[in-house]
Amino acid sequence: LVRPFHEIPGLWKNGAANLYAFWKQDGFKNLHHIMVNNFNKFGPIYREKIGYYDSVNIIKPVDAATLFRAEGYYPKRLRVEAWTSYRDYRNRKYGVLLKDGEDWRSNRVILNKEVISPKMLENFAPLLDEVGQDFVARIHKKIERSGQNKWTTDLSHELFKYALESVGSVLYGERLGLLLDYIDPEAQHFIDCITLMFKTTSPMLYIPPALLRTLGAKVWRDHVQAWDGIFGQADRCIQNIYRKLKEPVQSDKYPGVLASLLMLDKLSIEDIKASVTELMAGGVDTTSITLLWTLYELARHPALQEELRAEVATARAQSQGDLLDMLKRIPLLKGALKETLRLHPVAVSLQRYITEDIAIQNYHIPSGTLVQLGLFAMGRDPSVFPRPEQYQPSRWLRTENNYFRSLGFGFGPRQCLGRRIAETEMQLFLIHMLENFRVEKQRHVEVRSTFQLIVIPETPIILTIKPL
Ligand code: HEM
Ligand code: 2DC
């Protein structure tokens, strides 16, 4: 017998009181840990109301499968009000990230062909490979200049530049030049704006931005400034390509996502601009932080690092210069990236408004409910991943027990649009790093994570990079 909705355990009766308790626990920075605690307290399903948003939270892979079967034809995730409010305030169009319904679907179908279709890897991989080569050349130079045959540093700033250079080269078909000695201050400003944008979003998940705007709150003003900086830089890049496209010079070289979309002429220029800006902004902190966590784990596991280096060497030799073939010969390295996203997922949760009634953990959940899969909590649940605290890329090689477990990029037609770019960019980065350097870490202290809309390291990760 299925039990009624109102019997689901949890705290959902007093949204305002829960918001106050949440705030007192420093919840804005600890959402991921609070979710873990809630699953420990209530079990594999709980209902929660913080402020104005009410949701059912689940953690098991089978329940994730039920959730995604009920997502409907126009899958809809939690709307990040801060992001839509900014666009409404400045009269800018929503891109694919923020659109819903038929408008979302028709844009997404066209973008899929240009951004996430496996066919595009042929075009993307050589561009991303070149950025990877430039990155290692830059690190070699830094090591040389140190005069110590090694470089000890917080690599995050270099990784942000690597990530922006990578996504920029794919979107615009040309290099932004972020890995040169002279850094364009506008590009650095763009990077800083993305970090500020994420940071100022998290409090506004619970306090309506419209209210903060009327109050003239600093968090809202900072948020507007951050997006203004993001859109300003993206507009400059887009204008630059748009202008060049009017010149008659044609070549058979891949022109990049933006030029392809403009020439295809199936989306309005405003829609193209909106989604390309989201892709550019979405392509920086996500991959760079994931790579930073991966280097951190490889530094803590030297034997694994050697094993991966050997896999890469073999793949390099056997693929005989065929880049796409090489990327098919690195299963352990791909496992390492999945393992990083298991322990350090970018997104704490995946969410959908379900479009039909379902039963989860024997509770009835009505159509229209916001259901969240606690991705961070699932990655650390010992009944889902045996010995969850251990970083073990090989666990992903046994594909038979991976059912609804590898969800770092989301699932289905609404999954991450940048997924192929992100995966290829990260794989090529690790290949080049492993071929050139050994990564080490000084002290064996656990780096904790904090929530700034995405999950990031709480303290800087200091690594030592040595040439092989
Ligand atoms: C959406 C994760 C990198 C652009 C998402 C979602 C997740 C995610 C979990 C929500 C999916 C869902 O609801 O099912 C990640 C991770 C990344 C990454 C883990 C890297 C490690 C990127 C990059 C780009 C990007 C590099 C841009 C080039 C987007 C966009 C969406 C999205 C545009 C919204 C898609 C839509 O609503 O249709 N991402 N992402 N992401 N991501 Fe990523
Ligand atoms: C944050 O409770 C926690 O990929 C909330 O590249 C629920 C929620 C909703 C949407 C999620 C967000 C969380 C985390 C960041 C995500 C976002 C959807 C897309 C975005 C996962 C889990 C991200 C980082 C995009 C961002 C692109 C943007 C900068 C233009």
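The values are calculated or read from the model by the stated rules, or taken from the named source; none is laboratory data. The model shown is predicted, which means the values in this text are computed figures rather than measured ones. Using ideal geometry, Cβ is built from the backbone for each residue, glycine included, and neighbour counts are taken over all protein chains shown.
This table checks each residue for (1) within 18 Å of the chain's Cα centre (by Cα); (2) loosely packed, with under 14 Cβ neighbours inside 10 Å; (3) within 15 Å of ligand 2 (Cβ to nearest atom); (4) not hydrophobic (A, V, I, L, M, F, W, C).
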position: GLU247; (1), (2), (3), (4): no, yes, no, yes
position: MET263; (1), (2), (3), (4): no, yes, no, no
position: ALA274; (1), (2), (3), (4): no, no, yes, no
position: SER288; (1), (2), (3), (4): yes, no, yes, yes
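Name the residues in region 70-108 that are assigned to a helix (DSSP H, G or I) and under 29 Å from GLY15 (Cβ atoms), would you?
GLU81, ALA82, TRP83, THR84, SER85, TYR86, ARG87, ASP88, TYR89, GLY101, TRP104
Residue-level check: of (1) surrounded by 15 or more Cβ atoms within 10 Å (Cβ to Cβ); (2) in a helix (DSSP H, G or I), GLU122 misses just (1). Close Cβ contacts (under 8 Å, 6 or more residues apart or on different chains) running from residues in region 31-56 that are on the phi > 0 side of the Ramachandran plot to residues that are at pLDDT 90 or above and among the hydroxyl-bearing types (Ser, Thr, Tyr) are absent.
Against the numbered list (1) more than 17 Å from the chain's Cα centre (by Cα); (2) crowded, with 20+ Cβ neighbours inside 10 Å, ALA210 comes up short only at (2).
When you check ASN436 against the structure, is it free of Cβ contacts under 8 Å to residues at least 12 places away in the same chain, within 26 Å of LEU324 (Cα to Cα) and more than 16 Å from ligand 1 (Cβ to nearest atom), yes or no? Considered against the rule, which asks whether it is free of Cβ contacts under 8 Å to residues at least 12 places away in the same chain, within 26 Å of LEU324 (Cα to Cα) and more than 16 Å from ligand 1 (Cβ to nearest atom), ASN436 comes out as no. It is to be established whether one or more residues within region 293-303 are within 11 Å of ligand 2 (Cβ to nearest atom) and either touching a helix residue (DSSP H, G or I) at 6+ places or on another chain (Cβ under 9 Å) or small (Gly, Ala, Ser) (or both). No, region 293-303 has no match at all. When the test is whether a residue is more than 15 Å from ligand 2 (Cβ to nearest atom) and free of Cβ contacts under 8 Å to residues at least 60 places away in the same chain, TYR242 passes it. Screening ASP154, ASP252, ASP181 for residues that are surrounded by fewer than 19 Cβ atoms within 10 Å (Cβ to Cβ) and touching a strand residue (DSSP E or B) at 6+ places or on another chain (Cβ under 7 Å) leaves exactly one candidate, ASP154. Consider region 348-370 and keep the residues that are small (Gly, Ala, Ser) and either within 18 Å of GLU7 (Cβ to Cβ) or more than 16 Å from ligand 2 (Cβ to nearest atom) (or both). The one that is surrounded by the fewest Cβ atoms within 10 Å (Cβ to Cβ) is GLY368.
Any idea which residue in region 125-151 is surrounded by the fewest Cβ atoms within 10 Å (Cβ to Cβ), counting only those that are aliphatic (A, V, I, L, M) and within 23 Å of TYR172 (Cα to Cα)? Among those that are aliphatic (A, V, I, L, M) and within 23 Å of TYR172 (Cα to Cα), it is ALA137. Condition test on ASN57, is it within 25 Å of PRO382 (Cα to Cα), within 24 Å of the chain's Cα centre (by Cα) and among the polar types (S, T, N, Q)? Yes: the conditions hold for ASN57. Does PRO388 fit the bill of being surrounded by fewer than 19 Cβ atoms within 10 Å (Cβ to Cβ) and either assigned to a loop (DSSP other than H, G, I, E, B) or modelled with pLDDT under 95 (or both)? So PRO388 fits the description; yes.
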